[in-house]
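S.K.: Take a look at this one; I'll ask things after.
Coordinate-derived values only; no laboratory data. The model shown is predicted, which means the values in this text are computed figures rather than measured ones. Here the Cβ positions follow ideal geometry from the backbone for every residue, glycine too, while neighbour counts run over all protein chains shown.
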Amino acid sequence: MPIAEYQARAHAMTASIRNKTLLLAGGIALLLLASTPAVSTAVVTGKYMHNLSNFYGNVGYDWCRPYFDLKTGEIYVASGGTVQIFNSAGMEIYTFSDGELGTIQDISTDVGGNILTLSWKYPDFFIGKCNYRGELKKEIRPTGIPADGYPDFSPNRMVHRNGEIYLVDRIRLRVAVLDRDGAFLRGYDIAPLIEVKDDERQANDIFGFSLDGEGNMLFTVPAQFKAYRMTPDGKIESFGKRGSGPGKFGVVSGIAADGKGNILVADTLRSVVMIFDKNFQFQTEFGYRGLAPGKLIGPRDLESDGDARVFVTQMRKRGVSVFSLSEN
């Protein structure tokens, strides 16, 4: 075979192999792109909507505990011995105050539409079961709480979920879970789980406490500059770093989860609400110190509507601000 013809055939064969290799590589790349799910880069942000109000304007509080009723869409706010109820638009529709309820630390509703209060009346506490008018029908006294594991148990936070009542002693770092009649079901001593010694409990007290959509307990410990997520079987994770920049913790307070599992944490010192995804990755923050609408003064407690709204309590009688959450 002439050398020229041999070289021509060799070049042709090489070109063919190269083209087939490129086609195969392109096909594999397309297949990988088609089979790999898209990674969302959307960031959740908060937008100010309004404050809870009545016909006289924004309702201010020195201290309050908000609760959102998933069934009715109403917002309950307990403050001292008074409970105010707001409709889904944030306008007050009813108020009740019953001396028999004592000082109301927290409030919720049950599946039957009854109002539940965590009430303190000297010398102890009880769960008040009220009708829709706020009239006390029954005092539920907890039974079966182990005396040795819960010395001087003094709850100041209550969460009702699926027929179970979570009572939280935030100072002593203990949680007791009761059934609807007040019988003890199970409990959690949080102190050893977060490496707090018995004589250090009061210096490492819990501030914010809530349940997410999966039944995990979320809580903050300001002295540790940390937020925690604990599963029902006691497995615990933490996140948070001390600092003054975005996503850092100054004095952490309220905590809640939205409908997509994002975790919101209020910082009283920095006057912001931070948003973290379910993997504890910082997304953004909103609020910031100021008197203009949408600004915050010492945000304290948080309450989620289980979807895309969050209710933020504040200091200096700034009331409860309502923010909507959306992806940008």
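S.K.: With θ taken as phi - 60° and the coefficients 6.51, -1.76 and 1.60, list the Karplus ³J(HN,Hα) couplings across the stretch 228-233 in order, rounded to whole Hz; mark glycine and proline as x.
M.R.: So the J values, rounded to whole Hz, are 10, 10, 10, 6, x, 8.
S.K.: Counting other beta carbons within 10 Å of each Cβ, put Leu101, Leu185, Leu264 in order, fewest first.
M.R.: By the 10 Å Cβ count, ascending, the order reads Leu185, Leu101, Leu264.
S.K.: Then there's this: How large is the Rg to Rh ratio of the stretch 87-131 when both quantities use alpha carbon positions and Rh follows Kirkwood?
M.R.: Value, to two decimals: 1.02.
S.K.: Using 1/(1 + (r/R0)^6) with R0 = 45 angstrom and r between the beta carbons of Arg141 and Val43, what's the FRET efficiency to the nearest 0.05?
M.R.: The formula returns an efficiency of 0.45 here.
S.K.: Residue by residue, what Karplus-based ³J(HN,Hα) values in Hz, rounded to whole numbers, does the stretch 65-70 have, using 6.51, -1.76 and 1.60 with θ = phi - 60° and x for Gly and Pro?
M.R.: Result, rounded to whole Hz: 10, x, 9, 9, 8, 4.
S.K.: Rounded to two decimal places and with Rh computed the Kirkwood way over Cα pairs, what is Rg over Rh for the stretch 98-201?
M.R.: So for the stretch 98-201, dividing Rg by the Kirkwood Rh gives 0.99.
S.K.: Let me ask you something else. So if we plug the beta-carbon distance of Glu200 and Arg289 into 1/(1 + (r/R0)^6) with R0 = 41 Å, what FRET efficiency do we get, rounded to 0.05?
M.R.: Given R0 = 41 Å and the Cβ-Cβ separation, E is 0.85.
S.K.: To continue, here is another question. Measure off 7 Å from each Cα along the Cα-to-Cβ vector at Leu269 and Phe96, then give the distance between these two points in nanometres to one decimal.
M.R.: My value for the distance between the label points is 4.1 nm.
S.K.: Scan around Phe249 for amide H atoms under 5 Å from its own, H built in the peptide plane at 1.01 Å from N, and keep only partners 5 or more places away or cross-chain.
M.R.: Amide H neighbours of Phe249, under 5 Å, 5+ apart: Lys241, Arg242, Gly243.
S.K.: Using θ = phi - 60° and the Karplus form 6.51 cos²θ - 1.76 cosθ + 1.60, what ³J(HN,Hα) does each residue of the stretch 57-63 get, whole Hz, x for Gly and Pro?
M.R.: x, 4, 8, x, 9, 7, 8
S.K.: Let a ≥ b ≥ c be the square roots of the eigenvalues of the Cα gyration tensor of the stretch 144-239; is it rounded (a/c under 1.5), or, if not, prolate (a/b larger than b/c) or oblate?
M.R.: Oblate, because a/c is 1.5 or more while a/b does not exceed b/c.
S.K.: Modelled label-to-label distance, Arg186 and Gln281, 7 Å Cα→beta-carbon offset: nm?
M.R.: 3.1
S.K.: How much length, in nm to one decimal, is gained on full extension between Asp62 and Thr82, taken as 0.36 nm per residue of separation minus their Cα-Cα distance? Intermediate results must be reported in sequence, preceding the final value.
M.R.: Values: separation 20, 0.36 × 20 = 7.20 nm, distance 1.27 nm.
Taking Asp62 through Thr82 to full extension adds about 5.9 nm, to one decimal.
S.K.: Moving on to the next point. Which of Leu193, Leu167, Leu136 ends up with the largest GNM mean-square fluctuation for the chain, with Cα atoms connected below 10 Å?
M.R.: Judging by the Gaussian network model, the answer is Leu193.
S.K.: Moving on. If you compute volume of the Cα convex hull per residue in Å³ for the structure shown, which of (1) 124; (2) 167; (3) 205 do you land on?
M.R.: Structure-derived value, by its label: (3).
S.K.: Full-extension gain between Ser154 and His50, please, as 0.36 nm times their residue separation minus the C-alpha to C-alpha distance.
M.R.: Working it through step by step, the gained length comes to 34.0 nm.
S.K.: May I pose another question? Would you mind checking the tilt of helix 3-35 against the longest principal axis of the Cα atoms of the chain, expressed as 0 to 90 degrees and rounded to 10?
M.R.: 10
S.K.: If I stretch the segment between Lys260 and Asp179 completely, what's the gain in nm (0.36 nm per residue apart, minus their alpha carbon distance), one decimal?
M.R.: Gain on extension, Lys260 to Asp179, equals 26.4 nm.
S.K.: Here's a follow-up. Please list, ordered by chain and number, the residues whose modelled amide H lies under 5 Å from the amide H of Gln314; skip anything fewer than 5 residues away on the same chain.
M.R.: Correct list: Arg300, Gly319.
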